[in-house]
Amino acid sequence: MIGLPSGTRIWLAAGVTDMRAGMNGLAAKVETALAEDPFSGHVFVFRGRRGDMIKVLWWTGDGLCLLAKRLEKGRFVWPQAASGTVMLTQAQLSMLLEGIDWRRPERTWRPQSAL
C-alpha cells in the first residue's frame, strides 16, 4: 500500500463506473458526479460493472496517478447506493484492495481472559 499523507481522505464512488475511462474521464467524473476537486490530494476509488476491477485516482501534488487492480477471483465489496460517495479509512482501503469485506472485518480470535 502506498503511504498517504495524513489528512488524505479516501472516497469510494458509489455505483458503477465505465472502466474504459482514463485519468481525464475519471477526473471529470470526480468534478461532475461527486462534486469534489480531483486535484485536492484526496483519493477517489471507482469500481467496474462486474465488480472485479477498481481504479484509483490520486493527485500527488505534481501529477495525477491512476492505479488499477483486477481480482482473479472474487469481487470487490462495494456500497449498495447507486450514487454518491462513501469515505474510507486507510485501513479500510487496504482491506478493499486485498478483496476483504471492509464493512465488517472480523478478528481471527477473541480474548477469553484479561489475566
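The values are calculated or read from the model by the stated rules, or taken from the named source; none is laboratory data. Bear in mind that the values here come from a model prediction, so they are computed numbers and not experimental data. Cβ: placed from backbone, ideal geometry, glycine included. Neighbour counts: every protein chain shown. Just so you know, the surface numbers come from the protein's heavy atoms only, side chains and all, with ligands and any DNA or RNA stripped out. Shrake-Rupley method; radii C 1.70, N 1.55, O 1.52, S 1.80 Å.
Check the range 37-46 and report whether any residue there is assigned to a strand (DSSP E or B) and open to solvent by 20 Å² or more (accessible area, probe 1.4 Å). Walk me through how you get there before you give the answer.
Just the residues of the range 37-46 that are assigned to a strand (DSSP E or B), to begin with: 43-46.
Now restrict to residues that are open to solvent by 20 Å² or more (accessible area, probe 1.4 Å): none.
There is no residue in the range 37-46 that is assigned to a strand (DSSP E or B) and open to solvent by 20 Å² or more (accessible area, probe 1.4 Å).
Could you please find all residues in the range 1-26 being hydroxyl-bearing (Ser, Thr, Tyr) and surrounded by fewer than 17 Cβ atoms within 10 Å (Cβ to Cβ)?
Selection gives Ser6, Thr8.
Among all residue pairs at least 6 apart or on different chains, which show Cβ distances below 7 Å where the first residue, located in the range 35-46, is on the phi > 0 side of the Ramachandran plot and the second is in a loop (DSSP other than H, G, I, E, B) and of a type in the set (Ser, Thr, Tyr)?
Matching pairs, first to second residue: Gly41/Thr8.
Looking at (1) in a helix (DSSP H, G or I); (2) touching a residue at least 60 places away in the same chain (Cβ under 8 Å); (3) open to solvent by 40 Å² or more (accessible area, probe 1.4 Å), which is the one condition that is false for Lys29?
(2)
Of all residues in the range 81-95, how many are free of Cβ contacts under 8 Å to residues at least 24 places away in the same chain and out of contact with any Pro (no Cβ under 7 Å at 6 or more places or on another chain)?
Within the range 81-95, residues that are free of Cβ contacts under 8 Å to residues at least 24 places away in the same chain and out of contact with any Pro (no Cβ under 7 Å at 6 or more places or on another chain) number 1.
Just one of (1) over 26 Å from Arg20 (Cβ atoms); (2) among the aliphatic types (A, V, I, L, M); (3) at pLDDT 90 or above trips up Met95, so point out which.
(3)
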